[in-house]
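S.K.: Quick one: the structure is below, questions incoming.
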């Protein structure tokens, strides 16, 4: 019987060929698909003995193997807040209490037996065994009543750097920081791959290096201690660059409400301070500003503030002999005496004694006034007030105060050095600078925002004007105690003179008692910090803001504020509006942010101002137009301009 060959079906062959081609196309397509793991996977990884290279970064994984006998809450915050890239992983394994109790019973028995043997053999008592017994017994008691539980705890972390040298530096810094707390760590030698697997978030503890801990001990390692300066009340200062949180803070919640702001020109210091002033007024805080460069006028107009122009041509008059109208009995009794002390410093400034005088070039610093001149001046001041009917009796303090012209007349007609002192005051009474500070005050400001503009004053008069304005504000603060902020811009001008620096420091020390916070702004860090009083003012400020600095100022500020090497490096490289925000013992890297409306009111950037003016001229009212809703809510009435 002949066998018939089986014929293959052409259709089946075509279908099989088509299926193979589709499978090849699908495989090629799947191979080209980018999955999530392709985005997060490094380009390469290479393990060495004590470190590994992850793409272009170098890294090293550590494990913690030793802890002190007592560990305190927050011990991990230094590692969490370290200004380096660090991954931290914790493993917590609960252990049955019954098992632990049995092991502790055996351990106590062994320790007590060891102590008894040592005693029988006459050995010196071992304090460590006694301490171990006490700890074990305490743990047994707490476990027995359920007050504590027992755990096995593993802590691993990985540090990253851009080079091997930087990795060694960062590793040393981390080990030293933990070692100071008697927390000992080691790199996972020859186990860097297992260390990396233990740190990445996949819950595989391949190192398995653990330590026994109770509930209380393990709670101290609570990891969520990132640098945070946000409160339930206060104003928004900016964005926390450590964790993208908000920095909402009330400066009056600190030991005092004083603040200092350091920055080079154009770094955003005035912008930041004006933003704080605007937002503080929304919470009912009154603001005084000494403006040496006419930077606050647009903001003042927008909120219907009082703008006081001080110049030789203006009609504004401030009498430094004014006394505060205080209600407190003790303050009233000392009002005249306190103002006399203030006037002594002012008159030394006005008589040219503010700057050190050199005698014959021999380097001897002469006092501003000789002792005999000081005594005659003091007597003349008391007599001048007495002629006006004002004595130490508070009931006489409502009489019209005298002026510098009255003091000049008293000095001129008294004996001793009086006539010579009068000649040194003449330019303020009948000379070039007559009028502005030698006549009765003609301003009585009752406004939540008051700006004193001293731009148009001559350079010689500026420190005198700042001194007198500070005294005027201080008297008003003592008369009517409300929550207030005093902003002193370009404060380095006061630091150049000993008497004005002493006066500003005196205000900074006493401001808290009167609910006043003083903000000191300067760009001349060397002059400010070179002064003994300048350093004292910084030390007496509970809040500090360091924006971008010139390289010459970085070393000074780094020494004063105890900055880390990384913070010191960044201080001269911050972009505009970024800096270090210190509040009490904490500080964060902050980005100052403002809304478009706020920016339109407070910016001094010429390009931004020109763009807004062009937009408004073209009828684009979507741009900030220089007004703010505070006008009707907080600032009733029209703008007060004294010119």
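S.K.: Residue 102 - would you say it is part of a helix (DSSP H, G or I), modelled with pLDDT of 75 or more and over 47 Å from the mean Cα position of the chain (by Cα)?
M.R.: On the way: part of a helix (DSSP H, G or I): yes; modelled with pLDDT of 75 or more: yes; over 47 Å from the mean Cα position of the chain (by Cα): yes.
Yes.
S.K.: Okay, next question. If you go through region 76-103, how many residues are touching a helix residue (DSSP H, G or I) at 6+ places or on another chain (Cβ under 8 Å) and over 30 Å from residue 160 (Cα atoms)?
M.R.: Final tally of qualifying residues: 3.
S.K.: On the given criteria, is residue 140 out of contact with any strand residue (DSSP E or B) (no Cβ under 6 Å at 6 or more places or on another chain), farther than 25 Å from residue 83 by Cβ and either surrounded by 13 or more Cβ atoms within 10 Å (Cβ to Cβ) or in the same structural domain as residue 197 (by TED's automatic domain parsing) (or both)?
M.R.: Against the criterion (out of contact with any strand residue (DSSP E or B) (no Cβ under 6 Å at 6 or more places or on another chain), farther than 25 Å from residue 83 by Cβ and either surrounded by 13 or more Cβ atoms within 10 Å (Cβ to Cβ) or in the same structural domain as residue 197 (by TED's automatic domain parsing) (or both)), residue 140 qualifies.
S.K.: Another one. When you scan region 525-643 for helices (runs of 4 or more DSSP H) that lie fully inside it, which ones turn up with 2 or more residues that are under 21 Å from the mean Cα position of the chain (by Cα), closer than 28 Å to residue 256 by Cβ and at pLDDT 70 or above?
M.R.: Numbers: elements: 525-530, 532-539, 551-561, 565-571, 596-602, 606-617, 630-633.
Output list reads 525-530, 532-539, 551-561, 565-571.
S.K.: I've got another one for you. With the structure loaded, tell me whether residue 159 is touching a strand residue (DSSP E or B) at 6+ places or on another chain (Cβ under 9 Å) and buried (at least 16 other Cβ atoms within 10 Å of the Cβ) or whether it fails that test.
M.R.: yes
S.K.: Listed residues 122, 114, 32, 74; which is closer than 30 Å to residue 170 by Cβ and out of contact with any strand residue (DSSP E or B) (no Cβ under 6 Å at 6 or more places or on another chain)?
M.R.: Unique residue meeting the criteria: 74.
S.K.: Starting from region 529-542, keep only residues that are touching a residue at least 60 places away in the same chain (Cβ under 8 Å) and assigned by TED's automatic domain parsing to the domain that holds residue 497, then list their pairs with residues that are outside any helix (DSSP H, G or I) and surrounded by fewer than 20 Cβ atoms within 10 Å (Cβ to Cβ) whose Cβ atoms are within a distance under 7 Å, requiring at least 6 positions of separation or different chains.
M.R.: 542/254; 542/255; 542/584
S.K.: I want to confirm something. Restricting to region 58-87 and keeping residues that are in contact (Cβ under 8 Å) with a residue 40 or more places away in the chain and loosely packed, with under 15 Cβ neighbours inside 10 Å, which single residue is nearest to residue 188 (Cα to Cα)?
M.R.: Once the filter is applied, the top-ranked residue is 65.
S.K.: Here's something else I'd like to know. Looking for whichever is surrounded by 13 or more Cβ atoms within 10 Å (Cβ to Cβ) and either at pLDDT below 80 or more than 42 Å from the chain's Cα centre (by Cα) (or both) here; the options are 111, 36. Which one fits?
M.R.: 111
The values are calculated or read from the model by the stated rules, or taken from the named source; none is laboratory data. Small disclaimer: the values here were computed from a predicted structure and weren't measured. Reconstructed Cβ throughout: ideal geometry from the backbone, glycine too, with neighbour counts over all protein chains shown.
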